[in-house]
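See structure below.
Where a number appears in this text, it was derived from the coordinates with a stated rule and is not lab data. Values in this document were obtained by computation on a predicted structure and should not be read as measured data. No Cβ is skipped: glycine too gets one built from the backbone with ideal geometry, and neighbour counts run over all protein chains shown.
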């Protein structure tokens, strides 16, 4: 028996006002996400992926439709952007502690939780480093740790590895997969990479070109935990071909 969904989106549409009748970005999107599910939205540039995440994060109000969180409390949301957006004057430890500081948590609790997150993302020994001394992959690990430190109900990822070189990006897929395996958070991620979506997700939803609609919803029935070798299996290739045909 499948658990009840914790996120429900119904008939979501977004139109940005302009001088030409409005820019229709998302059109009639409906789906559900279940607890601890990792869902990727895959689509070409300009399909409204980032707009969609901004709606889920409650940064942007939809033009029509609704987003419902099935919680008895106001859901906590963590978000990781394409750029790490770290505060350059704060150390790794201080950047990760920031959400708890904003919540008014005590210094000792914030530091202890930050140390736990630093261990989780593999940055032990870099607690006192400044962002300028980190590689791109390390900076994104700090951003992921910062998003997780306040134990969010939903983690949103906006192409977090898009700015990294190909080899670093692939290593980060394994890092993120291991972090998800350890924390079992509910995740919604947007990407334009077929391989990235298949390596990470339980389900991949394909968006059309603008205005973005859900064209395909694919279950990724690959075993977990996933290692790099899985990308070279025939089943991975079949799934990739199916997604590519939907995008093209």
Query raised in the report: Looking at region 113-133, which of the residues that are in a loop (DSSP other than H, G, I, E, B) and buried (at least 19 other Cβ atoms within 10 Å of the Cβ) is farthest from the chain's Cα centre (by Cα)?
Result: 123
Report summary line: Residues of region 89-108 being part of a loop (DSSP other than H, G, I, E, B) and either under 23 Å from the mean Cα position of the chain (by Cα) or under 28 Å from residue 192 (Cβ atoms) (or both), in sequence order, are 103
Query raised in the report: Is it true that residue 41 is crowded, with 21+ Cβ neighbours inside 10 Å, in contact with a strand residue (DSSP E or B) (Cβ under 8 Å, 6 or more places away or on another chain) and part of a helix (DSSP H, G or I)?
Result: no
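Looking at this structure, is residue 66 without any contact (Cβ under 8 Å) to a residue 60 or more places away in the chain, surrounded by fewer than 13 Cβ atoms within 10 Å (Cβ to Cβ) and out of contact with any helix residue (DSSP H, G or I) (no Cβ under 9 Å at 6 or more places or on another chain)? Quick ask: steps written out before the conclusion?
Values: without any contact (Cβ under 8 Å) to a residue 60 or more places away in the chain: yes; surrounded by fewer than 13 Cβ atoms within 10 Å (Cβ to Cβ): yes; out of contact with any helix residue (DSSP H, G or I) (no Cβ under 9 Å at 6 or more places or on another chain): yes.
So residue 66 fits the description; yes.
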Query raised in the report: Here are some conditions: (1) buried (at least 20 other Cβ atoms within 10 Å of the Cβ); (2) without any contact (Cβ under 8 Å) to a residue 60 or more places away in the chain; (3) farther than 23 Å from residue 216 by Cβ. Residue 79 meets all but one. Which one does it not meet?
Result: (2)
Query raised in the report: Among the helices (runs of 4 or more DSSP H) contained in region 161-248, which hold 2 or more residues that are over 26 Å from residue 146 (Cα atoms) and either touching a residue at least 40 places away in the same chain (Cβ under 8 Å) or under 18 Å from the mean Cα position of the chain (by Cα) (or both)?
Result: 234-247
